[in-house]
Amino acid sequence: MFNNLIKSLNFLSHNIYHINRSIPTVLFHTNSASFVNKQDKSLEEDDFDLQRKESAKIKNLERLGSIKSHISWPQYNRIIYPPTEDGKPIRNPFVHHMRHFVKYPAKKMWYPALMIRGMSIDEAIKQLSFHRLKGAHIIKEVLLEAQDLALKQHNFEFKSNMWISYSTAVDSFRVKGVRKHRAMRLGMVEYKYCTYYVRLEEGAPPPNYHLEAETYEARAKEYIEKLRKRSIYLSI
Amino acid sequence: MLSIINKRNIFLHQKLVKSLYEQTLTRPLATHWDPKFRRLRKNKFTEPTLLDFDSNTKEKVKRGIEPPTSFIYKPINITSSKEIFDPYIPPEGDGKASLFSKEFAKGAVEKITKSTSKKFKHLRLIKKSDSNFDENLFAETAQQIYIDAHSILSKRDPEEMLNFVTENALMKMYHNMKFKTIRWKWIESLEEPVVKHLVTREMMVKTDLYAQVTVRIHSKQILAVYDRFGRLAFGSDTLPKDVLEYVVFEKHLSDPYGSWRLHDKIIPSWSPAKTPVIRSFALPEPYKTDDELEKRIVSKFKGDDSHLEKIQEEKS
């Protein structure tokens, strides 16, 4: 028990969060423990080790750039943060949502996604409903779904008190076809699919989302800070 | 911006200007200079089999495509029932009024349920499997089971909970608890727990027997429910509350490894209203009920106590 206390104190300095694993669909309905082959719990690791492993997995995937897959993005919605003494949450409440395998090229989808970044959700819906591209209407549907999810499942209070902190469109896969040109000349045709990722956060949108530093000196400072934040992967 | 010399001018100007959105809707899609060979131009392209991810199954069924079949076999649980056999009707004013008050005299007569006259016969059946079954002793063990079940809730482990809780109750306790943290504390019991009602029932066959016991528990508890992000959503961490509950415990008598477990709670209609949730929310739309479905659901348990008559025959 004392070892667990030390581990917990060491771990408090880092991020604490618990990830809810999926629950099996079949419930074993026998009461007795003798039938079930349970491993000894003393040999298993503690809860903190399991949490640390799973959090390390996500961090490493983020570093390598392969986190934005359509399987891992909605798993962020299952992270449970512990309660604090102050009452203020550790992290601003957020909701991840996405739509995958949309029949629309990612290059075109990216433009309305860029337009939305940093806007409140009401303004985003207004602007998208008058956009000329077909992808904008798809993004609008995704935003409305995410709004419903946030209100019902994640305990957001108000419908319009949200803003968009992350939105991109990414290639997912392509289907190749063939077309004929003039004389025995063939050409390749690609039918493209993409996925669209969104993160909604609670609160009013921040005023300085798009602003960069105006003077040269401030820009130089930001650049140097970026370089100093880097950490070398797998180093001592 | 607009010249307001002539009113007619403004009208024409408004008509001519169309938004980009309207322009895209009304412009012609085909813009080739020779539309004569449009069909032949189409034949240059192959038709790849593009998968349909956007449409729903309802639209596909209309077109004639079958919906996907799922081979998930649902498990059938024999160790617990999904209902309360003969619900105990608690008298009004139970927790508030004392025995010698007006309120008690008015409406607090215990309403006789169906099978209170056959209580001793039900007891006999229970004692066949449990020879050391005492009502007063059982009430205290039941209270301990209640405490264990609620204290294990905070660790999200359904397999541990099944030792203290039936599958019916686990469904209700666990579903809304998945993405929240709960802090529950038992402070003390204000009155002794009392067994109020005993029922046994058969399921389809003579040898399958289930027993249910209702226990009245009056206690002080602390409950605090926190959000996914650690914000207080319900209750408080410091203020205790008086809680009056009629808890149903169930046991599968014909199972040699069966044990008494928490099954369900009876909440009377006259109980005081719950404290409101801290954050405001919009009321959801009411669910539509399926009348046909409700007719189809038939419980496998017999509604009678006919299995008790056979005990007398064995005696005589």
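Every number here is computed from the coordinates shown, using simple stated rules; none is lab data. These numbers come from a predicted model, not from an experiment. Neighbour counts run over all protein chains shown; Cβ positions are idealised from the backbone, glycine included.
In the stretch B:121-203, Cα pairs under 8 Å separated by at least six residues give a relative contact order of 42 percent. Of the listed pairs A:LYS126/B:LYS62; B:LYS82/B:LYS241; B:LYS155/B:LYS265; B:LYS82/B:LYS288; A:LYS126/A:LYS159; B:LYS118/B:LYS295, which have alpha-carbon separations greater than 24 Å here? Pairs exceeding the cut-off: A:LYS126/B:LYS62; B:LYS82/B:LYS241; B:LYS118/B:LYS295. Taking the average, over residues, of other Cβ atoms within 10 Å as the packing measure, peptides B:204-215, B:67-78 rank B:204-215, B:67-78 from highest down.
Across the stretch A:165-170, computed HN-Hα scalar couplings (Karplus, 6.51 cos²θ - 1.76 cosθ + 1.60, θ = phi - 60°) run 9, 8, 8, 9, 10, 10 Hz from first to last residue, x flagging Gly and Pro.
Listed values for the stretch B:56-67 are Karplus-derived 3J(HN,Hα) couplings in whole Hz (6.51 cos²θ - 1.76 cosθ + 1.60, θ = phi - 60°), namely 8, 6, 5, 5, 5, 5, 5, 6, x, 8, 6, x, and x replaces Gly and Pro. Along the stretch A:145-152 the Karplus relation, 6.51 cos²θ - 1.76 cosθ + 1.60 evaluated at θ = phi - 60°, assigns HN-Hα couplings of 4, 5, 5, 4, 4, 5, 5, 8 Hz to successive residues, with x for each Gly and Pro.
Of the residues B:PHE249, B:SER271, B:ALA282, the one whose Cα sits farthest towards the positive end of the charge dipole of the stretch B:241-316 is B:ALA282 (charges of +1 on Lys and Arg Cβ, -1 on Asp and Glu Cβ, taken about the Cα centre). Rounded if a/c is under 1.5, else prolate if a/b is larger than b/c, else oblate: which is the stretch A:112-207, with a ≥ b ≥ c the root eigenvalues of its Cα gyration tensor? Verdict is prolate for the stretch A:112-207.
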